[in-house]
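Where a number appears in this text, it was derived from the coordinates with a stated rule and is not lab data. Values in this document were obtained by computation on a predicted structure and should not be read as measured data. Cβ placement follows ideal geometry from the backbone for every residue including glycine, while neighbour counts extend to all protein chains displayed.
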Amino acid sequence: MVKPFLDVLHGIRHEPPPIWLMRQAGRYLPEYRRSRQQAGGFLDLCYTPEFAVEVTLQPIKRYGFDAAILFSDILVVPDGLGQDVSFVEGVGPVLVPVRNASEAATLSMSFFEEMLAPIYEAVSQISNRLDDETALIGFAGAPWTVACYMVEGGASRDFNAVKSFAYGDPNGFSQLIDLLVEATICHLSAQVASGADALQIFESHAGVLPSVEFEKWVINPIRQIVEGVRSRWPDIPIIGFPRGAGAMYPAFAVETEVTAVSLDTSVPIHWAIQNLPAGMPVQGNIDPLFLLTGGVEMDRAIDEILEACRTRAHIFNLGHGVDKNTSPDAVSRLVSKVRN
């Protein structure tokens, strides 16, 4: 059977376009909240195949999206490298910070695949349970974004610690990035080996770097990852999501050699169509907050995106993840509008 999502990644337009949503499995769904409570901690949810499979499939069962995305987290990579990672209710991720080269040198790949093996088991089970028309997306965070969490010790508003490390000791910071490149190639390749049909690389903090540093810490590492994964899996489609990249989107699209780019909310869809490489599939990019307000304004925004992409291979998605306060009925309306 044809998987429309994969067709589009190979440059074949579908009308209507395939649809999935970033963070489509999450707290806005009552079934997710029940699973989360049963699992205990957030990492338990990620590392227990039974729960990871269940929550990955919940939005597929409810909405019939054209792609499922593995339920996991970008911070399983530093966890697998030996950094102390935890998730605190009401706070988010908390990591013991890695602030210099000597602290980064304590991390290693020694137990990486062993620790992350339950994730790959979940991928295998999900792949076996999806129908022939629904694709499975594996994913990882890009090295710069993951390093931001590792160095800052969690979420950050100013990124002072990670920029101080990167700017003040670029050689030492490069060693951390190189380790993350190696780990990410391993992590993504294992997901493909377990049954993932496509991959997405989340560069959530792309927008905090100046252009020269963007080239150094965003484009170059992702290109290495794309090359490394394709050396093992030459035909695997890879979507890049450089959130906040703005005018750097075209350079990112060309220089990383990703298959497609996912557009954040701030990117004007008409600008993207005009400035991204001809023939490159695009994904996105309705504002998730339209799902909170709904109504005719959401319908208008959907129509604008569909019209702008009518000559381009396009996957309908959000410009970021589903907000936790979203009504499940609003997502139903979105899906119905896109498809009908």
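Values computed for the structure shown
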| item | result |
| --- | --- |
| Hz values of 3J(HN,Hα) by residue in the stretch 263-276 - Karplus curve (6.51, -1.76, 1.60), Gly and Pro given as x | 9, 7, 4, 6, 7, x, 4, 5, 4, 4, 4, 6, 9, 7 |
| The stretch 146-235: trypsin sites (Lys or Arg not before Pro) in DSSP loop, at most 12 other beta carbons within 10 Å | Arg157 |
| Distance between the stretch 61-123 and the stretch 301-328 - C-alpha centres, whole angstrom | 28 Å |
| Distant-in-sequence amide H partners of Asp287 (H built 1.01 Å from N, under 5 Å) | Gly319 |
| Descending Cα extents along the principal axes, the stretch 270-340, whole Å | 36, 23, 16 |
| Convex hull of the stretch 152-202 built on C-alpha atoms - directionally averaged projected area, nm² | 4.5 nm² |
| Assigned charges on the beta-carbon of Lys, Arg, Asp, Glu; the stretch 144-245 dipole about Cα centre (debye) | 100 debye |
| Alpha-carbon centroids, the stretch 1-37 and the stretch 186-253: separation in whole Å | 20 Å |
| Selected from Asp66, Asp264, Asp169 as most flexible by GNM, with the chain as the system and alpha-carbon contacts under 10 Å | Asp169 |
| Descending semi-axes in Å of the stretch 150-283, equivalent ellipsoid built from Cα gyration tensor | 23, 21, 12 |
| Stokes-Einstein D in µm²/s, Kirkwood radius over Cα pairs - the stretch 192-263 at 20 °C with 1.002 mPa s viscosity | 174 µm²/s |
| Estimated 222 nm signal from helices in the chain, with DSSP H stretches of n ≥ 4 weighted -39500 (n - 2.57), rounded to 500 | -14500 deg cm²/dmol |
| Projected area, mean over directions - the stretch 41-103, Cα convex hull, nm² | 5.7 nm² |
| Only Lys, Arg (+1) and Asp, Glu (-1) charged, at Cβ; the stretch 24-82 dipole about Cα centre in debye | 300 debye |
| Net charge of neighbours whose Cβ lies under 12 Å from the Cβ of Ala301, counting Lys and Arg as +1 and Asp and Glu as -1 | -4 |
| Mean shadow area of the stretch 20-134, taken as a quarter of the surface of its Cα convex hull (nm²) | 8.0 nm² |
| Full-stretch length increase - Asn171, Glu133 - with 0.36 nm per residue and alpha-carbon distance subtracted | 9.1 nm |
| Karplus-derived 3J(HN,Hα), 6.51/-1.76/1.60, for each residue of the stretch 240-254, Hz, glycine and proline x | x, 10, x, 4, x, 5, x, 5, 7, 3, x, 5, 4, 4, 6 |
| Summed residue charge, Cβ within 11 Å of Val8's Cβ, Lys/Arg positive, Asp/Glu negative | 0 |
| In sequence order, calculated HN-Hα J values of the stretch 175-186 (Karplus, 6.51, -1.76, 1.60; Hz; x Gly/Pro) | 5, 5, 4, 4, 5, 5, 4, 4, 5, 5, 4, 4 |
| The stretch 1-82: C-alpha gyration tensor shape, a/c 1.5 cut-off, then a/b vs b/c | oblate |
| Within the chain, percent of DSSP bridges classed antiparallel, to nearest 5 | 20 percent |
| Positive-end residue of Tyr249, Met298, Trp233, charge dipole of the chain with Cβ unit charges | Met298 |
